[in-house]
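Trainee: For reference, the structure I am asking about is given below.
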Amino acid sequence: MIRAHVAALLAYVDKLDPTRAPTTQEAALERLDAWADVLLDVAPRAPHPEGHDWDAAHVVRRHIASSPYPIKASDVSRPWYAFQADLIRRHAGTFEPELHPEIDPDAPPGREYFAAVRGSMRAVLSGEQAPVTLRAIGPASLAPETPEQARQREELVRRMKAGHRAGRDENARRLALVSQFPDLLTAMHRLPGQRMWKGSVGGNRRVAAIVAEAETRAANTREEQHA
């Protein structure tokens, strides 16, 4: 969590349990500093593949409702790490081509491939991406391929390559769009795993928000030019 998220969470704590709220500004700042350190790697919200999504505010509410003891930062961080461990157990760790159209599916695994796999793992750990629970398709049957199966396979390959080309073009468009605005490009490169961003969104909400802002700015610029 960033400091602003922690401050909002502590405001919620004080709303639910006002009798234990700090009585001085100095005490409130000291508590904020301590909680911000402990919750640095904790996400405010995160998706779960079975719908048991993580929400730090829900953890706070449950603790205050059920425990006679004052809530501590560790009462939020411990459940997060348990939630995180559950996500990693569920995550198959396989490469999902549709999330990375910038990588040629016909190319042998290389630096970009392994970077994408590591980035996906980091996104799951940070709560930015839900785990991929289905593993890759196993070996094909050894039975001879019928003409219809061959036709279907060729059609599937054709569609996959067409989708890859369309995704690559869309990535190039997004990269060019965001690059028009240096502040947005800088913000993009500061996101975890996006230092070498090439236009892919891949389900990352923060990346999508920056691209959406670039779209809005570009549209406003076009309207001003035509006014």
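Trainee: Got a number for the accessible area of Asp37? Probe 1.4 Å, square angstrom, nearest 10.
Mentor: 120
Trainee: Whole-Hz Karplus ³J(HN,Hα) for the range 151-166, in order, using 6.51 cos²θ - 1.76 cosθ + 1.60 and θ = phi - 60°, x for Gly and Pro?
Mentor: 5, 5, 5, 5, 5, 5, 4, 4, 5, 4, 5, 5, x, 5, 5, 5
Trainee: Quick one: length gained pulling Glu224 to His5 fully straight, 0.36 nm per residue minus the C-alpha distance?
Mentor: On the way: separation 219, 0.36 × 219 = 78.84 nm, distance 3.61 nm.
Working it through step by step, the gained length comes to 75.2 nm.
Trainee: Hand me the trypsin sites (Lys or Arg not before Pro) from the range 166-226 located in a DSSP loop with no more than 15 other Cβ atoms within 10 Å, in residue order please.
Mentor: Answer in residue order: Arg195, Lys198.
Trainee: To the nearest 10 Å², what's Leu9's accessible area with a 1.4 Å probe?
Mentor: 10
Trainee: Which far-off residues, 5 or more places away or on another chain, put their amide H under 5 Å from the one on His48, with H placed in the peptide plane?
Mentor: It is Asp53, Trp54, by chain and number.
Trainee: Please work out the average accessible area per residue across the range 154-227, using the 1.4 Å probe convention, and give it in Å².
Mentor: About 67 Å² of surface per residue is accessible.
Trainee: Please list Ser74, Ser179 in order of solvent-accessible area, largest first, computed with a 1.4 Å probe with all protein chains present.
Mentor: Listed by decreasing accessible area, they come as Ser179, Ser74.
Trainee: So if I take the alpha carbon set of the range 174-227, get Rg, then get Rh from the Kirkwood formula, what is the Rg over Rh ratio?
Mentor: When Rh is taken as the Kirkwood radius, the ratio is 1.02.
Trainee: Where the convex hull is taken over the Cα atoms of the range 141-205, what is its projected area averaged over directions, in nm²?
Mentor: Numbers: hull surface 25.8 nm².
Computed as one quarter of the Cα hull surface, the answer is 6.4 nm².
Trainee: Something else about it: Sorting Phe181, Phe114 by accessible area (1.4 Å probe), largest first, what list results?
Mentor: Phe114, Phe181
Trainee: At 1.4 Å probe size, put Ile210, Ile88 in order of accessible surface, largest to smallest.
Mentor: These residues rank, largest area first, as Ile88, Ile210.
Trainee: Same structure, new question: Roll a 1.4 Å probe over the protein heavy atoms and report the accessible area of Thr146 in Å², nearest 10.
Mentor: 60
The values are calculated or read from the model by the stated rules, or taken from the named source; none is laboratory data. Worth saying up front: this structure is predicted, and the values here are computed from it rather than measured. A quick note on method: Cβ atoms are made from the backbone with ideal geometry, for glycine too, and the neighbour counts reach across all protein chains shown. The protein model used for the area step is the full one, side chains on, heavy atoms only, and it has no ligands, DNA or RNA in it. Shrake-Rupley method; radii C 1.70, N 1.55, O 1.52, S 1.80 Å.
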